[in-house]
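Participant: Right, I'll just put the structure down here and ask away after.
Please treat every number below as a calculation from the coordinates, not as lab data. Small disclaimer: the values here were computed from a predicted structure and weren't measured. Note that each Cβ is placed from the backbone with ideal geometry, even for glycine, and that neighbours are counted across all protein chains shown.
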């Protein structure tokens with residue numbers, strides 16, 4: 001007698017909008033079941049991800065010997081693997097991890113990482129967008145630390161940015177456009193606010209620059225960012241504030257304040 005692989009089913013509960021039920025009335029609800037496929041050879045079943053607002057559901061499911069990402073029931077491209085956790089190599093030998101799939105705060109957009117052979121690919125809104133890394137570019141950039149890497153969406157979901165390897169360096173992909181090649185990024189100091197985008201990049205001469213809306217600032221030995229989003233009432237909301245010192249100057253660019261350390 002042959003054993004059969006378990007079949008995974010996702011059950012979605014849909015509740016109709018109706019007047020409050022009395023004690024003698026039952027709930028007006030129904031369950032809708034969707035067949036997602038059998039468990040794959042590794043023993044794993046489909047893996048589900050949900051957006052923070054609960055409006056969007058993504059499921060990694062088997063497609064023969066390969067995998068697909070289904071977002072809100074729409075099947076994406078087929079890949080060798082859609083990893084549960086995407087990891088970069090780092091100089092310390094510790095693999096720096098980033099989220100596999102990221103949903104935009106609004107607008108219903110998504111981005112995730114998938115692997116085909118040795119190449120890792122960014123998939124944005126269900127379409128292949130950029131090759132993030134190849135075995136060759138991973139080896140060439142092994143001296144840089146990609147900690148903090150992730151897909152970055154603007155609050156309204158209209159913009160998306162992420163880093164990718166290019167030759168022996170890094171580029172920032174913003175809305176499909178590619179930045180110049182940098183030696184490294186400090187992904188922990190990247191932020192999008194409205195239509196504005198700020199990140200910190202290191203050039204080949206080991207100097208750091210604040211890049212605001214694609215414009216590269218002056219070189220510094222170190223660069224620490226401080227930014228604030230202003231509410232309608234005009235009160236700031238500080239984030240990642242850094243202490244002041246005599247060697248620190250403030251540069252203002254709209255609602256963003258940049259604190260930078262000048263070369264000695």
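Participant: What does the highest-first list of 104-111, 58-65 look like by mean Cβ count within 10 Å?
Facilitator: Working: 104-111: 19.1, 58-65: 17.5.
Descending mean neighbour count gives 104-111, 58-65.
Participant: Points 7 angstrom from Cα along the Cβ direction at residue 156 and residue 204: gap in nanometres?
Facilitator: Label at residue 156, label at residue 204, 3.9 nm between them.
Participant: Ordered by packing density, taken as the mean number of other Cβ atoms within 10 Å over each peptide's residues, highest first, how do 188-195, 207-214 rank?
Facilitator: Ranking the peptides 188-195, 207-214 by packing returns 207-214, 188-195.
Participant: Less than 19 Å from a label point 7 Å out along the Cα-to-Cβ axis of residue 87: which backbone N atoms in region 102-129 qualify, by residue?
Facilitator: Flagged as within label range: 113-121.
Participant: Take the alpha-carbon centre of region 55-82, take the same for region 179-215, and report the distance between them in whole Å.
Facilitator: 32
Participant: Could you tell me what a quarter of the Cα convex hull surface of region 48-201 works out to, in nm² with one decimal place?
Facilitator: 8.7
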